[in-house]
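Undergrad: Have a look at this one.
The values are calculated or read from the model by the stated rules, or taken from the named source; none is laboratory data. The structure displayed is predicted, hence computed values, not measured ones. Note that each Cβ is placed from the backbone with ideal geometry, even for glycine, and that neighbours are counted across all protein chains shown.
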Amino acid sequence: MSLLKFESMLKTNNVYFFDLVEFEEIIVHYLDTGKIALAKKAIKLGLEQHPESIDLKLLMVEAYLTENEIDKASKLLKRIEVIAPRNEEVFIQKATINSKKGFHKEAIIDLEKALYLTDDKIDVWSLMGMEFLYLEDFKNARINFAYCIEADFEDYSALYNIVYCFDMQKEHEEAIKYLISYIDINPYCEVAWHQLGRQHFVTENYKEALIAFDYAVLIDESFVGGYLEKAKTLEQLGNYQDAIDNYLITIELDDPTAYVNIRVGECYEKLNKLDAAVSYYKKAVHEDPFLDKGWILLTNLYFEQQNYQKAAYYIAKALKIDEENTLYWRRYSEINLKLSFFEEAVVGFKNCLRLGDTSIEIYMGLTDVLSFLGEFNDALRVLLSAQKTHKNFSEVEYRLVGLFFILNKEKHAFTHLISAMKIDYDYHIILNELYPIVFENTEVQKLLKNYKKATE
């Protein structure tokens, strides 16, 4: 009623009288809804009718802070403090200013003064907890949030923050003890059961986690987060069909998400129900076309089914989203090798190296493709580069043997053949696979046989 009267006054330019409580309600409404200009107008009119009101002046400080006008807020607050040195809201706003400036220790001192002056301590404890969080002083943050819980057992924001502090300190067992003690007093709190389940999950105690999540969804049958965590736990226990059932409940209760569709797809894949897996992966990328994980899962599934054309289509989608991912480029090369698109495979392997994937498999893959294409000098350069990272690897040495022979550098070839045999004699079979002409060379065969005799 007061709000309608105030807005009517603004439209007609008539001036109505409002008592102090009415003005405060109007101003708080505008502040809460982000209508700062109207809040300031209401404060100005309020102060014209109630010029001595400290509360209205403090609301002006809040309005300034909302618009980040810190200097104006500070100046006004200093004037208010002279008039009302024992008003707890003065120190709360001073703490807000110090916090915005990054002076969190000073903010805590201000809040300690406010705490001494106020009867409503919960909000101050909560603010102090947040300042300690900014300082990463999780122990003191937790203490202050615990005070909030002691005063109001349904302060779930404080409960979340307490668990967060335990998480940041990796004190999961302590978190479990705290949550159990909380549940002893407030046993029908689905939030506490949910958080208890999360702690058991982190400590890989999946059976206890499942019990906790069961209680959470029993207390609140529409608790989406409870069903989601329960499904993840069932996955860990290998109960994939039950996990799917719980994931699907979250879709019934809330809008479907790409994440849930991915999880359902992966469960179906583990159950070897590949058509269902594909269906849910496609739903995931429909929900979020920029979710590269969905595209790569489709890629991998079709690759395993030897449907390389479809795998190539989906890997292109994944790379379009994240072209800096070496795993995607590796899969891209593997697919193109299967399709006999060797130039494309070279591009993929080179991108892996460019992005820092210098594993032996990448070097060997690139070397073998270049050799197949007859680009022997390029293949040799790749191998010599690989040798810097992967010393005394038979995979490198035997390939050097083959390439040096092909490039008519037999002296180098025999040197590397001796090195290769010392590392792993049996691996010489790779010469027959990759360089059969070299393997059949009389001198190479002679050296292989003589080495074997000498080492028997």
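Undergrad: Output the number of the condition that G238 fails; it satisfies all remaining conditions of (1) surrounded by fewer than 19 Cβ atoms within 10 Å (Cβ to Cβ); (2) assigned to a helix (DSSP H, G or I).
TA: Here G238 meets the rest and fails (2).
Undergrad: Please verify whether region 359-375 includes one or more residues that are in contact with a Lys or Arg (Cβ under 7 Å, 6 or more places away or on another chain), polar (S, T, N, Q) and crowded, with 16+ Cβ neighbours inside 10 Å.
TA: Within region 359-375, one or more residues are in contact with a Lys or Arg (Cβ under 7 Å, 6 or more places away or on another chain), polar (S, T, N, Q) and crowded, with 16+ Cβ neighbours inside 10 Å.
Undergrad: Same structure again: Please find, within region 113-147, the residue that is surrounded by the fewest Cβ atoms within 10 Å (Cβ to Cβ) out of those that are more than 26 Å from R86 (Cα to Cα) and of a type in the set (D, E). Explain how you work it out, then say what you get.
TA: First, the residues of region 113-147 that are more than 26 Å from R86 (Cα to Cα): 133-139, 142, 146.
Now drop any that are not of a type in the set (D, E), which leaves 136-137.
Details: E136: 11, D137: 17.
Among them, the one singled out is E136.
Undergrad: Still on this model: Kindly provide the set of residues from region 155-170 that are surrounded by fewer than 17 Cβ atoms within 10 Å (Cβ to Cβ) and within 19 Å of the chain's Cα centre (by Cα), ordered by number.
TA: Passing the criteria: Y160, D167, M168, Q169, K170.
Undergrad: Which is part of a helix (DSSP H, G or I) and more than 27 Å from N68 (Cβ to Cβ), of Y188, Y182? Show your work before the answer.
TA: Numbers: Y188 fails: part of a helix (DSSP H, G or I).
Result: Y182 is the single residue among Y188, Y182 that is part of a helix (DSSP H, G or I) and more than 27 Å from N68 (Cβ to Cβ).
Undergrad: How many residues are out of contact with any Leu (no Cβ under 7 Å at 6 or more places or on another chain) and buried (at least 23 other Cβ atoms within 10 Å of the Cβ) if we restrict to region 378-396? Steps first, please.
TA: Here is the first cut: in region 378-396, the residues out of contact with any Leu (no Cβ under 7 Å at 6 or more places or on another chain) are 381, 384-395.
Imposing the further condition that a residue be buried (at least 23 other Cβ atoms within 10 Å of the Cβ) reduces the set to 386.
Looking only at that region, the number is 1.
Undergrad: In addition: Every residue in region 318-356 that is surrounded by fewer than 21 Cβ atoms within 10 Å (Cβ to Cβ) and under 23 Å from the mean Cα position of the chain (by Cα), please.
TA: Result: K320, I321, D322, E323, E324, N325, T326, L327, L355, G356.
Undergrad: So which residues in region 241-273 are β-branched (V, I, T) and either more than 19 Å from the chain's Cα centre (by Cα) or not in a helix (DSSP H, G or I) (or both), if there are any at all? First the steps, then the outcome.
TA: Keep residues of region 241-273 that are β-branched (V, I, T), which gives 244, 249-251, 257, 260, 262, 264.
If the condition is that a residue be β-branched (V, I, T) and either more than 19 Å from the chain's Cα centre (by Cα) or not in a helix (DSSP H, G or I) (or both), then I244, I249, T250, I251, T257, V264 are the ones that fit.
Undergrad: Follow-up question, since we're still on this one. Looking only at region 69-94, count every residue that is surrounded by 17 or more Cβ atoms within 10 Å (Cβ to Cβ), of a type in the set (V, I, T) and under 21 Å from G34 (Cβ atoms) and tell me the total. Break it down into steps so the answer makes sense when it comes.
TA: Kept after step one, since they are surrounded by 17 or more Cβ atoms within 10 Å (Cβ to Cβ), are these residues of region 69-94: 73-74, 76-77, 80, 87-94.
With the extra rule that they be of a type in the set (V, I, T), the set shrinks to 80, 90, 92.
Then keep just the ones that are under 21 Å from G34 (Cβ atoms); that gives 92.
Number of matching residues: 1.
Undergrad: Given the criteria over 30 Å from H104 (Cα atoms) and not charged (D, E, K, R), does G129 qualify?
TA: Values: over 30 Å from H104 (Cα atoms): no; not charged (D, E, K, R): yes.
No: the conditions fail for G129.
Undergrad: Residues of region 308-330 being basic (K, R) and under 17 Å from Y363 (Cβ atoms), which ones? Even if it seems obvious, please write down each step before you answer.
TA: Initial filter on region 308-330 (basic (K, R)): 310, 317, 320, 330.
If the condition is that a residue be basic (K, R) and under 17 Å from Y363 (Cβ atoms), then R330 is the only one that fits.
Undergrad: Residue by residue through region 51-68, note down the ones that are assigned to a loop (DSSP other than H, G, I, E, B) and surrounded by 21 or more Cβ atoms within 10 Å (Cβ to Cβ). If you could, list the steps in order and put the result at the bottom.
TA: Just the residues of region 51-68 that are assigned to a loop (DSSP other than H, G, I, E, B), to begin with: 51-53, 67-68.
Once the filter is applied, which keeps residues that are assigned to a loop (DSSP other than H, G, I, E, B) and surrounded by 21 or more Cβ atoms within 10 Å (Cβ to Cβ), region 51-68 yields nothing.
Undergrad: Also: Can you work out which of the residues in region 195-209 that are surrounded by fewer than 23 Cβ atoms within 10 Å (Cβ to Cβ) and of a type in the set (A, V, I, L, M, F, W, C) is farthest from F223 (Cα to Cα)?
TA: Across region 195-209, the extreme among qualifying residues is V202.
Undergrad: Among the residues of region 27-50 satisfying the criterion of being under 18 Å from E69 (Cβ atoms) and surrounded by fewer than 18 Cβ atoms within 10 Å (Cβ to Cβ), which is farthest from the chain's Cα centre (by Cα)?
TA: Restricting attention to region 27-50, the residues satisfying the condition of being under 18 Å from E69 (Cβ atoms) are 27, 30-31, 34-44, 47.
Pick out the ones that are also surrounded by fewer than 18 Cβ atoms within 10 Å (Cβ to Cβ) and you get 34-37, 41, 44, 47.
Working: G34: 30, K35: 34, I36: 35, A37: 38, K41: 43, K44: 46, L47: 48 Å.
This residue is L47.
For (1) free of Cβ contacts under 8 Å to residues at least 24 places away in the same chain; (2) not charged (D, E, K, R), each residue gets a yes or a no:
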| site | (1), (2) |
| --- | --- |
| L417 | no, yes |
| I423 | no, yes |
| P436 | yes, yes |
| E443 | no, no |
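Undergrad: Among the residues of region 290-306, how many are surrounded by fewer than 14 Cβ atoms within 10 Å (Cβ to Cβ) and part of a loop (DSSP other than H, G, I, E, B)?
TA: Going through region 290-306 one residue at a time, the tally reaches 3.
Undergrad: Determine which member of the set Y164, Y240, Y247 is closer than 24 Å to V124 by Cβ and modelled with pLDDT of 95 or more. So that I can check it myself, show each step before the final result.
TA: On the way: Y240 fails: closer than 24 Å to V124 by Cβ; Y247 fails: closer than 24 Å to V124 by Cβ.
Matching residue, one of Y164, Y240, Y247: Y164.
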